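Structure record follows, encoded as structure tokens.
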Amino acid sequence: MTTLTNEQFDALALELDALRDETLADLGERDANYIRGIVRLHRRLELGGRLMMPLGFIPPFFVAGALSLGIAKILENMEIGHNVMHGQYDWMNDPTLNSQTYEWDTTCDADSWRLTHNYEHHTYTNIVGKDRDYGYDVLRLDEAHPWRVHHLLQPLKFAALSFFFQWGVALHELESKKLSKGEITLKDKKEFGRNFVRKGGRQVFKDYIFFPALTFPVAPFVIAGNFTANMIRNLWSSSVIFCGHFPTEVQSFKLEECKNESRGQWYYRQALGSSNFTGPKWMHTLSGHLSYQVEHHLFPDIPAHRYPEIGRKLEPILAKYGIAYNTGSLARQYGNVVKRILRRSLPNGRTSGSPSTA
């Protein structure tokens, strides 16, 4: 990290710390009312979706029920679960919104998420070999990863990860690469396996056995509707996550250049290792405000609905130090993600144009 001088890194840290402190000092009733309103909206959408699902043999009800339940799952995972588990609302002292006890509506065990995401990803953001969210141990995103013949199948892996994203996230702690190399054994992951079966089994039972059984004569429609709702959630949440981490402008880092980094250097890495996307207010809400991924990586424990106002102050600060504020439309960012996936599915130097560090 030699782009800025040590003095500039320190000055950057002071400005961003001040922005963080300013926001934290202003937290209060507005923020509590916001998250409680989102929780109520999620519950209404889930209830509406569940009630309409038995009428799924009528096409409009099937579409409305699956969409309502799918949006409910998105809100719970993105704007509630993800943000609550980052500690964004611990200051409220509400036991239902506590970061250490919250369990979300997805197959990934909350404790596993707190380890692989809150700790590993947010500590080692985009450090090759340390941040396993950088490709999810499935995708090759960087020239630093040696190309292998199986990488030709990367577009198919990308599609599978997108459709079944909750299961990919749930299996993240398995550390498949270490297993394949013999560095660890399945016995080492015994506790993880129990938690995976427990949490994943609970989700399967709820969506594909319990609720269908309540409406047995029309159970196939309920099963199909729940599956559709899960696919809606998976495709949307994976797209949001990928657009925040994988566009071509997002930079990766080597472990040696991040050792003993200062607070300012950590901020620098978070900003360049993230990307935003633009859109209407509803899009930001459904993304859990991870459409402001730069702000999230800089301030992960600040209520995410504050990120738009933080962003208006953050962008000129980054510009002052010559740090790119990566943003663009959702379509543009997703296109860049696909471009990167396709590029890195081929050997280095086999694509048209000049080589890219992405």
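The figures follow:
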{"item": "Residue under evaluation P247, criteria (1) part of a loop (DSSP other than H, G, I, E, B); (2) out of contact with any helix residue (DSSP H, G or I) (no Cβ under 7 Å at 6 or more places or on another chain); (3) in contact (Cβ under 8 Å) with a residue 60 or more places away in the chain, criterion not met", "result": "(2)"}
{"item": "Test result for V39, closer than 25 Å to Q293 by Cα, surrounded by 22 or more Cβ atoms within 10 Å (Cβ to Cβ), of a type outside the set (D, E) and in contact with a helix residue (DSSP H, G or I) (Cβ under 9 Å, 6 or more places away or on another chain)", "result": "no"}
{"item": "Residue within segment 277-284 that is modelled with pLDDT under 95, crowded, with 17+ Cβ neighbours inside 10 Å and within 20 Å of the chain's Cα centre (by Cα) present", "result": "no"}
{"item": "Considering residues of segment 246-271 that are modelled with pLDDT under 95 and within 30 Å of F163 (Cα to Cα) only, the residue surrounded by the most Cβ atoms within 10 Å (Cβ to Cβ)", "result": "P247"}
{"item": "Top-ranked residue of segment 106-130 - restricted to ones that are of a type in the set (D, E, K, R) and surrounded by fewer than 20 Cβ atoms within 10 Å (Cβ to Cβ), ranked as farthest from N230 (Cα to Cα)", "result": "K130"}
{"item": "K206, sole failed condition from (1) out of contact with any helix residue (DSSP H, G or I) (no Cβ under 6 Å at 6 or more places or on another chain); (2) in contact (Cβ under 8 Å) with a residue 24 or more places away in the chain", "result": "(2)"}
{"item": "Condition check for R132: under 30 Å from K206 (Cβ atoms) and not in a helix (DSSP H, G or I)", "result": "yes"}
{"item": "Test for F165: is it buried (at least 18 other Cβ atoms within 10 Å of the Cβ), within 24 Å of R198 (Cβ to Cβ), modelled with pLDDT of 95 or more and of a type outside the set (K, R)", "result": "yes"}
{"item": "Any hit, segment 307-318, residues being surrounded by 21 or more Cβ atoms within 10 Å (Cβ to Cβ), over 17 Å from the mean Cα position of the chain (by Cα) and more than 23 Å from S252 (Cβ to Cβ)", "result": "yes"}
{"item": "Near pairs, Cβ below 8 angstrom, 6+ apart or cross-chain, from segment 271-284 (more than 19 Å from Y124 (Cα to Cα) and in contact (Cβ under 8 Å) with a residue 12 or more places away in the chain) to any residue that is of a type in the set (D, E, K, R) and surrounded by fewer than 24 Cβ atoms within 10 Å (Cβ to Cβ)", "result": "F277/R332"}
{"item": "Segment 176-214, residues that are modelled with pLDDT under 95, among the polar types (S, T, N, Q) and either surrounded by 13 or more Cβ atoms within 10 Å (Cβ to Cβ) or on the phi > 0 side of the Ramachandran plot (or both)", "result": "S176"}
{"item": "Residue within segment 28-44 that is at pLDDT 95 or above, farther than 30 Å from W266 by Cα and of a type in the set (V, I, T) present", "result": "yes"}
{"item": "Index of the failed condition, H296 passing every other in (1) modelled with pLDDT of 95 or more; (2) touching an Asp or Glu at 6+ places or on another chain (Cβ under 6 Å)", "result": "(2)"}
{"item": "Set N276, N336, N348: member being of a type outside the set (K, R) and under 28 Å from S99 (Cβ atoms)", "result": "N276"}
{"item": "Test result for E22, acidic (D, E), within 24 Å of Y268 (Cα to Cα), surrounded by fewer than 18 Cβ atoms within 10 Å (Cβ to Cβ) and modelled with pLDDT of 95 or more", "result": "yes"}
{"item": "Residue match in segment 89-99 (condition: buried (at least 20 other Cβ atoms within 10 Å of the Cβ) and farther than 23 Å from R36 by Cβ)", "result": "no"}
{"item": "Helices (runs of 4 or more DSSP H) within segment 1-102 that include 3 or more residues out of contact with any Gly (no Cβ under 9 Å at 6 or more places or on another chain) and touching a residue at least 40 places away in the same chain (Cβ under 8 Å)", "result": "6-25, 29-52"}
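The values are calculated or read from the model by the stated rules, or taken from the named source; none is laboratory data. Everything numeric in this text was worked out from a predicted model, so none of it was measured. Neighbour counts run over all protein chains shown; Cβ positions are idealised from the backbone, glycine included.
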